[in-house]
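Since the structure comes first, as structure tokens, the remarks are kept for the end.
The values are calculated or read from the model by the stated rules, or taken from the named source; none is laboratory data. Since this is a predicted model, take the numbers as computed values, not measurements. Backbone-built Cβ (ideal geometry, glycine too); neighbour counts: all protein chains shown.
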Amino acid sequence: MRQPILTPKRQKANPEKHPAEKEPTAQYKTPEKETLEANQRLQLILESIQDGLIIIDPNWQLKYVNKCAAKGFCTAAENLVGKNLWELFPKYSGTIFEQTLHQAKEDKQTTHFEWDKLYNTLNTWEISVFPTANDLVIIWRDITNRKKLEETLRLNMERFSKAFNCCQAALFISQLKDGLFLDANEAFLLTFGFSREEVIGNTAVKLNIYPDLSKRKEIVHILQTQRAIRNLEVVMQTKTGRPLTLIASVDHIMLNGQDFTLGTFTDITERKKDEESHRENEERLKRAQHLAHMGNWTMHVAENRVFWSEELFDMFKLKPDKYGLEYETYKTYIHPSDFERVTKITDNFIAEGKHEETTVFDYRIVLPDGSIRDLHTERTIVEVDTKGKPAKIMGIEQDISERKKIEQQLERHHKHLEQLVEERTKQLADSQRLATIGQTAGMVGHDIRNPLQSIMSSLYIIKDELDMTTDSKEKTNALQELIVIGEQINYIDKIIADLQDYARPIIPEYTTIDIPELIDSIFQTVNIPSWIMLKVNTNNLSKMKTDPMLMRRVLTNLVNNAVQAMTEGGTLTVNIHQDKKADGFIIEIEDTGKGIPKEVQEKLFTPLFTTKSKGQGFGLAVVKRITDALVNVPKKGYRISALFTGL
């Protein structure tokens, strides 16, 4: 059954009408026919639409139900038309559906709302209520998919917003033509030092983040032609003008028909500084290795691959390459006299070495031109495999040829000096000995100290260069080698000083000194081992008149001799008391060593005589000469006795 307004009944023909009043011919349509055709078209439209549609009269009777609405209620339209809405669907009573219909009927206002209880489905419906003079027209549309799309869009926008704002890289959206910013994340604001209010709605030009505006023009041109930029390094600046080095990736996008840019800036300023610092450190290390004649290498045992530094290639007179010499090739450079020793150490180290184990030794190599170089090597296992076998070994090779030459020259000078002094001593009588030694001292001092000063100056220059380099194991090893060379030079200089002190005239310069301060100054320069007990007794004496420099020299030499005589421990005693008869002082230095044989005691103060494996025999001779000079002070005399057991 259909409502009359949509399907009006056809009027019966009146046979009593005048012929002129009969229906017109086919080419003319009567108003009734036109209305019928219009209703038919409306009926067709209403039945074909995919939205549910019903018409309800003032008594809540269903006047019309289209096909889509009837299908949703799972029945035919004829079963619904003419029946009361609330009786048909009591479940709608008291719901927003009933409330909205009553409100629309009362207010005569079109109303729209969403509801998910219309059918026994999980769908969401958009319901529109259109009040007419007498009826209510209700149309509903399934918007489930639209809601899902809206929810998906909302979630996508939420994800984008979170990703945009939480990203650690600086993100922005701006107009392509002028750089007007639409949005920028927190990382962007932190990178450039602006607040959000300063950035949004402002342009890149006004913010002055491009020190060189031509760079922005270049970026715009690339985006207009290629529509994307990837990993372009640009220099920009913060709000305060601090320069930034950034990696830019920008896309040309369209929003509402306008050209925009979506881009990211990754701040690599610190990384660039680190890279520059690393490059400078590499240069310093290379320079330090060159100055120290030292090269480093890394060996990957399983692959038999060795990486050499540039200095190492130069050391072996080879052209720099990606890899250094393989072990078997490297062995061909080892000096024949050192080959068995070096290969045995190395083979055992590679086969059986433990993690962080280090081996150190010196050896020689023979270069392709036949020259021989002395090398010092230190090798450490830095990685092991699953079986505990060496997997990665790192080492240094230092060319110590020049040091060896210096040591050999010093040794030759040493031996020559010993021979020269020995020969001259045998030739000279006691009366001529002092003059001869004086001549020798002057000659030796001039001939040896000049090259020693030159060597020491070179050592200071090398040390200063090394101090500028980054701390490393190679640097530490080089500094230790310099210390060893310096100690050897100081030892030679002491020999010359003793020799000259013995030969030159001693003229004391007397002054009154504090005795406790004198003793303290001696033990500040002499290291007393922990196994030696020290006893000092000044007998409450506070002042004496002497030459402080000469007195310190005498006492320091005697204390050193006493310490060297007690290698297994003992007691060192310093006793100072006044000699009233001689109107002077007695200073005694005593140790508890093994003692000195009688046959040696007569030669203790003889120049060039010593019982030590290392020394020239001038120490006690110098002590005696200084003491002899000091005891000649008028009115006050000094007697220094050394009860010691070794020289």
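Of all the listed residues (154, 141), the sole one being among the basic types (Lys, Arg) and either closer than 30 Å to residue 198 by Cβ or at pLDDT below 85 (or both) is 154. Residues in region 295-311: is at least one in a helix (DSSP H, G or I) and modelled with pLDDT under 90? Yes, that holds for at least one residue. Taking the criterion of being out of contact with any strand residue (DSSP E or B) (no Cβ under 8 Å at 6 or more places or on another chain), touching a residue at least 24 places away in the same chain (Cβ under 8 Å) and assigned to a loop (DSSP other than H, G, I, E, B), the only residue of region 558-572 that qualifies is 568. Residues that are hydroxyl-bearing (Ser, Thr, Tyr) and farther than 24 Å from residue 511 by Cβ within region 526-583 comprise 530, 567, 571, 573, listed in sequence order.
Starting from residues that are among the hydroxyl-bearing types (Ser, Thr, Tyr) and in contact with a strand residue (DSSP E or B) (Cβ under 8 Å, 6 or more places away or on another chain), keep the ones in region 525-557 and report whichever is modelled with the lowest pLDDT. It would help to see each step written out before you state the result.
From region 525-557, those among the hydroxyl-bearing types (Ser, Thr, Tyr) are 525, 530, 538, 542, 546, 556; that's our starting set.
From what is left, the residues that are in contact with a strand residue (DSSP E or B) (Cβ under 8 Å, 6 or more places away or on another chain) are 538, 542, 546.
Working: 538: 85, 542: 82, 546: 87.
The selected residue is 542.
Answer yes or no: is there a residue in region 179-186 that is part of a helix (DSSP H, G or I) and either modelled with pLDDT of 85 or more or over 30 Å from residue 118 (Cβ atoms) (or both).
Yes: region 179-186 contains one or more residues that are part of a helix (DSSP H, G or I) and either modelled with pLDDT of 85 or more or over 30 Å from residue 118 (Cβ atoms) (or both).
Applying the condition of being surrounded by 14 or more Cβ atoms within 10 Å (Cβ to Cβ) and not aliphatic (A, V, I, L, M) to region 448-469 and asking which residue is nearest to residue 402 (Cα to Cα) yields 458. Is it true that some residue in region 352-371 is loosely packed, with under 11 Cβ neighbours inside 10 Å and in contact with a strand residue (DSSP E or B) (Cβ under 8 Å, 6 or more places away or on another chain)? Yes, region 352-371 contains at least one residue that is loosely packed, with under 11 Cβ neighbours inside 10 Å and in contact with a strand residue (DSSP E or B) (Cβ under 8 Å, 6 or more places away or on another chain).
Filtering region 447-483 down to residues that are touching a residue at least 40 places away in the same chain (Cβ under 8 Å) and of a type in the set (S, T, N, Q), which residue is nearest to residue 416 (Cα to Cα)? The extreme case among them is 477.
For region 358-419, the strands (runs of 3 or more DSSP E) that sit wholly inside it and include 1 or more residues that are charged (D, E, K, R) and touching a Phe, Trp or Tyr at 6+ places or on another chain (Cβ under 9 Å) are 372-384, 390-399. For region 106-143, the tally of residues that are exposed (fewer than 14 other Cβ atoms within 10 Å of the Cβ) and either assigned by TED's automatic domain parsing to the domain that holds residue 172 or aliphatic (A, V, I, L, M) (or both) stands at 2. Could you grab me the full set of residues in region 533-544 that are touching a residue at least 24 places away in the same chain (Cβ under 8 Å) and surrounded by fewer than 17 Cβ atoms within 10 Å (Cβ to Cβ)? Result: 533, 534, 535, 536, 537, 538, 539, 541, 542, 543. Of the strands (runs of 3 or more DSSP E) contained entirely in region 112-175, those carrying at least 1 residues that are in contact (Cβ under 8 Å) with a residue 24 or more places away in the chain, under 30 Å from residue 54 (Cβ atoms) and not aromatic (Phe, Trp, Tyr) fall at 125-131, 136-142.
Among the residues of region 109-131, the one identified as modelled with pLDDT under 90, over 20 Å from residue 86 (Cα atoms) and of a type in the set (Ser, Thr, Tyr) is 124. Kindly evaluate residue 101 against the criterion of being loosely packed, with under 12 Cβ neighbours inside 10 Å, of a type in the set (A, V, I, L, M), out of contact with any Asp or Glu (no Cβ under 6 Å at 6 or more places or on another chain) and without any contact (Cβ under 8 Å) to a residue 60 or more places away in the chain. Judged against the criteria, residue 101 is not a match.
Exactly one residue among 232, 246 is in contact (Cβ under 8 Å) with a residue 12 or more places away in the chain, touching a strand residue (DSSP E or B) at 6+ places or on another chain (Cβ under 6 Å), assigned to a strand (DSSP E or B) and under 30 Å from residue 469 (Cα atoms), and that residue is 246. Cβ-Cβ contacts under 9 Å between residues 6 or more apart (or on different chains), taken from a first residue in region 262-284 that is over 20 Å from residue 165 (Cα atoms) and in contact (Cβ under 8 Å) with a residue 60 or more places away in the chain to a second residue that is in a helix (DSSP H, G or I) and of a type outside the set (A, V, I, L, M, F, W, C), are listed as 284/465.
Within 30 Å of residue 463 (Cβ to Cβ), modelled with pLDDT of 80 or more and under 56 Å from the mean Cα position of the chain (by Cα) - does that describe any residue in region 485-497? Talk me through it step by step, then tell me what you get.
Looking only at region 485-497, we keep the residues that are within 30 Å of residue 463 (Cβ to Cβ), and these are 485-497.
Next cut, modelled with pLDDT of 80 or more only: 485.
Retained after the next criterion (residues that are under 56 Å from the mean Cα position of the chain (by Cα)): 485.
Taking every residue of region 485-497 in turn, at least one turns out to be within 30 Å of residue 463 (Cβ to Cβ), modelled with pLDDT of 80 or more and under 56 Å from the mean Cα position of the chain (by Cα).
Checking each residue in region 217-235 for being within 16 Å of residue 259 (Cα to Cα) and either of a type in the set (S, T, N, Q) or in contact with a helix residue (DSSP H, G or I) (Cβ under 6 Å, 6 or more places away or on another chain) (or both) picks out 224, 225, 226, 229. Answer yes if at least one residue in region 349-367 is basic (Lys, Arg) and farther than 30 Å from residue 465 by Cα, and no otherwise. Checked region 349-367: at least one residue is basic (Lys, Arg) and farther than 30 Å from residue 465 by Cα.
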